[in-house]
Structure formats: C-alpha cells, structure tokens
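Asks: I have a structure here, written as structure tokens, and I will follow up with some questions on it.
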Amino acid sequence: MTVKKQAAGRKETGDQNDFSTGSVSGHILSLAVPMTVAQLVQVLYNIVDRIYIGHLPGASALALTGLGLTFPIITIISAFTNLFGMGGAPLCSIARGRHDENRAEHIMGNTFLMLLCFSALLMVLGYGFMKPVLYLFGASDATYPYAREYLMIYLLGTPFAMVGTGMNGFINSQGFGRTGMMTILLGAAANIVLDPIFIFVFDMGVSGAALATIISQCLSAAWVMLFLNGKKTLLRIRKSNLRPEGKIIREITGLGTAGFIMSATNGIVQIACNSTLRAQGGDLYVGIMTVLNSVRDVISLPIQGVTNASQPVLGYNFGARKFDRIKRGIAFTSAVCIIYTFLAWLLAFLFPEPLIHIFNSDPELLAKGAPAMRIYFFGFFMMALQFAGQSTFVGLGQSKQAVFFSLLRKVIIVVPLTLILPHVAGLGVNGVFVAEPISNFLGGTASFVTMLFTVRKLCREPGKA
C-alpha cells in the first residue's frame, strides 16, 4: 500500500472515531461498556486468585492474608504502569483532536520505551528487597511464606503486565474500545481456566495462582502489540519513535503522575492498613481488609469504566476546542457515577455477608468482616465525586490538579486517620475502617468543586486549549 493510500485509509478510519461530532454521551457509553467489561476482567486476574486461595483446604485464611500482603507491591507496579500509560494516552487523544498524528505516535513510542525500562527495574528491585519489604508491609512468620511463594513467580511477569495494561490505553484512545476490551478478556479467560488447573489439579497452591496470572498477562501483552503494529490501528509503534525524547517524556510523566500517585497512594494506604490492623487485631483483620479491598475493586468497576471512557472524549474535544461538548460530557459522567455509587453503597450495607462469603467462608472472618464492611463502605457514593473530578483533570491535561487531589484523599487524609483513629475513643480496628468514608466525603467534595471551577476557567480561555 502506498503512503498516500495509507494516509487516506487512516483519515477514513479516524473520521469514524471523531469524538467532536455526534452524541457526547453516546461516545462515552460506546467506550465505557467495553472498557468496563475489560476492567472487570482485569480485576478478575487477582480476584479469581483470591477466591481460589481463600478456599484452599487447610490454612485458607493465612494463605489469603499472605496474598493480601503482596497487594502493595503489585500496586506499585500498577502505579508505574499508570505513570506512563495514563500519562501518554490522554496526550495522544489531545494530539488526535488536533489531527497531529506524528506527535501522537511519538508519544506512544516513548510510552512503550519507558514501560519496558521500568518493568525491568521494578522486577530487579522486587527480588532484591522482597523479604524486608513484606515484613514492613505487615507480614508475620506465618503469612510470609505464602506471600513470598506468590511473588517469586508473579514478578517474572512484570514486563507483560506493564506493557499489556499501559499500552492498551492507546487502543482505547483511538476509539477501539472493543479491541481494548478483548485485550483483557483474552488474558482473564486464560487466567480463569488456568487457575483451578494449576492450583488444584497440579496441586501448586499459591504458586499455581501466580503462574496462571503471568501466562495470562503474556497473552494480553501479545494481543496489544499485534494490534498496535497491525493494519487496523490509526497509530503504530515505529522504531524511529522509540528514541527517548526528553520533552515528550516530561509531558507524559507530568500528566501520568496523577495516575501514578493514585496507585502509589493506594499502596501506601494498604501498607498503613495492614500494619495497623495486624497490630490492633492480628492476621485475621489483614485478611478482612483483603476481602474488603476485593469487594471494592469489583463494585468500583462500572464507575471507573465510565470515568476512564470520558477521558479520551473530553481530551479530544479539548484539543478540538469544543467546550460545550466538554461540559455535557462532565455532566453525563457525574450523574451516572453518583446514581451508581449510591446503589453500590446500599448493596454493601444490606448484604455484607454474601459479598464476603465469595472470598472466604471462615466463620470468624464472616462474623467480624460484616460490621467492618458496613463501616468501610459508608458514604461510598461520595467516591463518585472523586472519580469524576480526577478523570476530568486527567482528560483535559491538568496534571497539577490531578496530582494534588490524588495526594489529598489518600496521603493527607486516609493515612494519618488510619494511624490515629484506632487510638481515639477506643475505636481499635474500627478506626482503620472509619478512615475510608471520612476521606470520601472530604476528598470527593474538594476534588469535584475544584474541577467545576477549573473547567469554567479553561472554557473561557481559548489559548489554554
């Protein structure tokens, strides 16, 4: 195919993915449905592991707690994935809105390069400091062997996990939501099938769960790379774009810092919670927090799908200077998220035992986990404001605001409260669970109100686009 024909083909496909025309809510939903399904399946990578490990014969509660201790490390890997993936994809959308495909491909190439380099670095550091880090995160002599067994295998898949997830955002940013969904579906389907085979049939236990996960991540990464170098993609990973460009990398990391901090601070919160809970209530409460985080991961998926889907649509229209469409997109996203999270809060409040039972059937964990869930999820609907504000900042390239509100909710509010409240008025372990709803109300309100004022200002200043 000649260069002229390739360009014509790209223009034709690009017009079909032009977010500056047609229904704003329709564009968001067209991306939100496959992205939500993709994220659901993405969560299944770890959720399925937790379900199977939580029902292992014998010391299932200890094994589940050991698996929970690995979350901060996995979260750190996700944080660096977001640093580059969530930084590069919105910039790519803005470049597409300006019809600057050359810049979009340079952004994508540099993102890919950074994901590869940091995946190798994190893998080396993970093996080198595994034991002291796990004990720092709340491991005991009883739970450390399970955590180590899982990580020894899981860390081998770090490059696959980072490339598959980080580069999948560039598929979605081009409007190929279904293809992005298939990236995750492929890996999760493999994980669901392989988990019981390795864990129970081959009697590999925790090691089997880790092996199934990295094989699945490898399949997802292969799918992403095949598409981004195939015929249907609008943008390709070219060798000429794999040279590091300082300005572009600074822009990527500047915007991606919000996603990085959101994930990294999740890890910090997990560390604070695990350490405090182990000191206040023992290994059982670390297992309860593992279950609560698992439930939250699942019920947060639709809201994350909608807000993530809004980012390329908002970014494209920002680049195209379609300010009215930006406002309509924010209004639609916010309304959907608030309604959904209110219903999710009612579900967690009314039916905690069935939700916990999915992950573990230990009678003591069920008995103590139900009241903890009611406290932890109180006012969950306020998280909608945090998600809506945060996604709008990222979609419009407002990195400073996105970074600040990531830090505000987790580092400035949650972590200090997690450490202080257990010692106030005899709250004990309940103090850890109370910290979450307080942060939802304070952080969510601050993020959303600031976002409204920021958008109003940007839409009055054409030069900012």
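Asks: When the Debye formula is applied to the Cα atoms of the range 297-432, each taken as the same point scatterer, what base-10 log of I(q)/I(0) results at q = 0.10, 0.11, 0.14 Å⁻¹?
Replies: -0.44, -0.53, -0.78
Asks: Report the label-to-label distance for residue 117 and residue 412 in nanometres (one decimal), using points 7 Å from each Cα along the Cα→Cβ vector.
Replies: The answer from the label model is 3.1 nm.
Asks: Calculate what fraction, in whole %, of the accessible area of the range 158-251 sits on carbon and sulfur atoms when a 1.4 Å probe is rolled over the protein chains.
Replies: C and S fraction of accessible area: 69 percent.
Asks: By how many degrees, between 0 and 90 and to the nearest 10, does the Cα long axis of helix 158-173 differ from the longest principal axis of the chain?
Replies: 40 degrees
Asks: Could you give the length gained by full extension between residue 20 and residue 136, i.e. 0.36 nm per residue of separation minus their alpha carbon distance, to one decimal place?
Replies: Working: separation 116, 0.36 × 116 = 41.76 nm, distance 4.92 nm.
Going from the current span to full extension adds 36.8 nm.
Asks: Now, a different point. Take the Cα pairs of the range 213-365, get the Kirkwood Rh, then feed it into Stokes-Einstein at 25 °C and 0.890 mPa s and tell me D in µm²/s.
Replies: D = 124 µm²/s.
Asks: For the range 128-238, what is the Kirkwood hydrodynamic radius in Å, using each pair of distinct C-alpha atoms? Spell out each step's value before the answer.
Replies: Values: mean 1/r = 0.0649 Å⁻¹.
Every distinct Cα pair counted, the radius reaches 15.4 Å.
Asks: Relative to the longest principal axis of the chain, what angle (0 to 90°, nearest 10) does the C-alpha long axis of helix 283-299 take?
Replies: 30 degrees
Asks: Shifting gears a bit: Under a 5 Å amide H to amide H cut-off, with H placed in plane at 1.01 Å, what residues pair with residue 143 once short-range neighbours are removed?
Replies: none
Asks: Can you run the Rg to Rh ratio on the range 120-159? Use alpha carbon positions and the Kirkwood inverse-distance Rh.
Replies: Value, to two decimals: 0.98.
Asks: From Cα pairs below 8 angstrom and at least 6 apart in sequence, can you work out the relative contact order of the chain, rounded to a whole percent?
Replies: Once divided by the residue count of the chain, the mean separation gives 23 percent.
Asks: Could you let me know the centre-to-centre spacing of the range 205-238 and the range 295-338, using Cα atoms, in angstrom?
Replies: 26 Å
Asks: Which value in deg cm²/dmol, rounded to the nearest 500, describes the helix-derived mean residue ellipticity at 222 nm for the chain, given -39,500 (n - 2.57) per DSSP H run of n ≥ 4 and division by the residue count? Kindly include the intermediate steps, with their values, before the conclusion.
Replies: Values: 20 runs with 365 residues, N = 465.
Calculated mean residue ellipticity at 222 nm is -26500 deg cm²/dmol.
Asks: Still on this structure: Taking the range 59-160, which trypsin sites (Lys or Arg not before Pro) meet the DSSP loop condition and have no more than 16 other C-beta atoms within 10 Å? The partial results should precede the final answer.
Replies: Working: sites: 96, 98, 103, 148; in loops: 98.
Answer in residue order: 98.
Asks: Just need log10 I(q)/I(0) for the range 227-295 at q = 0.11, 0.12, 0.15, 0.29 Å⁻¹, Debye formula, equal scatterers on the alpha-carbon atoms, no solvent, rounded to two decimals.
Replies: -0.56, -0.61, -0.71, -1.14
Asks: Give me D for the range 53-127 in µm² s⁻¹, whole number, from Stokes-Einstein with Rh from the Kirkwood sum over alpha-carbon pairs, 10 °C and 1.306 mPa s.
Replies: 107 µm²/s
Asks: Which label marks the calculated value of log10 I(q)/I(0) by the Debye sum over Cα atoms at q = 0.06, 0.07, 0.11 Å⁻¹, given the options [x] -0.56, -0.66, -1.02; [y] -0.25, -0.34, -0.85; [z] -0.51, -0.60, -0.95?
Replies: [y]
Asks: What span do the alpha-carbon atoms of the range 316-396 cover on each of the three principal axes, reported in whole Å from largest to smallest?
Replies: 57, 17, 16
Asks: In terms of the Cα gyration tensor, with a ≥ b ≥ c the square roots of its eigenvalues, is the range 145-207 rounded because a/c is under 1.5, prolate because a/b exceeds b/c, or oblate?
Replies: It is oblate, given that a/c is not under 1.5 and a/b is not larger than b/c.
Asks: A further question follows. Normalised radius of gyration for the range 178-241, please: alpha carbon Rg relative to 2.2 N^0.38 Å, two decimal places. Write out the running numbers ahead of the final one.
Replies: Values: Rg = 15.0 Å, N = 64, 2.2 N^0.38 = 10.7 Å.
Expressed relative to 2.2 N^0.38 Å, the Cα Rg reads 1.41.
Asks: Sticking with this structure for a sec: With a 1.4 Å probe and every protein chain left in place, work out the accessible area per residue of the chain in Å², rounded to a whole number.
Replies: 39 Å²
Asks: Specify the angular offset, from 0 to 90 degrees and rounded to the nearest 10, of the alpha carbon long axis of helix 101-128 from the longest principal axis of the alpha carbons in the chain.
Replies: The angle comes out near 20 degrees.
Asks: Here is a further query. Please work out, to two decimal places, the log10 of the ratio I(q)/I(0) at q = 0.17, 0.20, 0.22 Å⁻¹ from a Debye calculation in which every Cα of the range 412-465 carries one identical scatterer.
Replies: Normalising to I(0) and taking log10 leaves -0.60, -0.69, -0.76.
Asks: Please report the spacing between the Cα centers of the range 426-458 and the range 346-403 in Å, no decimals.
Replies: If you average the Cα positions of each part, the centres end up 13 Å apart.
Asks: Ok, one more. Can you give the accessible area of residue 118, probe radius 1.4 Å, in Å² rounded to 10?
Replies: Roll a 1.4 Å probe over it and residue 118 shows about 50 Å².
The values are calculated or read from the model by the stated rules, or taken from the named source; none is laboratory data. Computed from a prediction, not measured in an experiment: that's the story for all the values here. Cβ atoms come from the backbone with ideal geometry, glycine included; neighbour counts cover every protein chain shown. Each accessible area value is taken on the protein alone, full model and side chains, heavy atoms only, with ligands, DNA and RNA left out. Shrake-Rupley method; radii C 1.70, N 1.55, O 1.52, S 1.80 Å.
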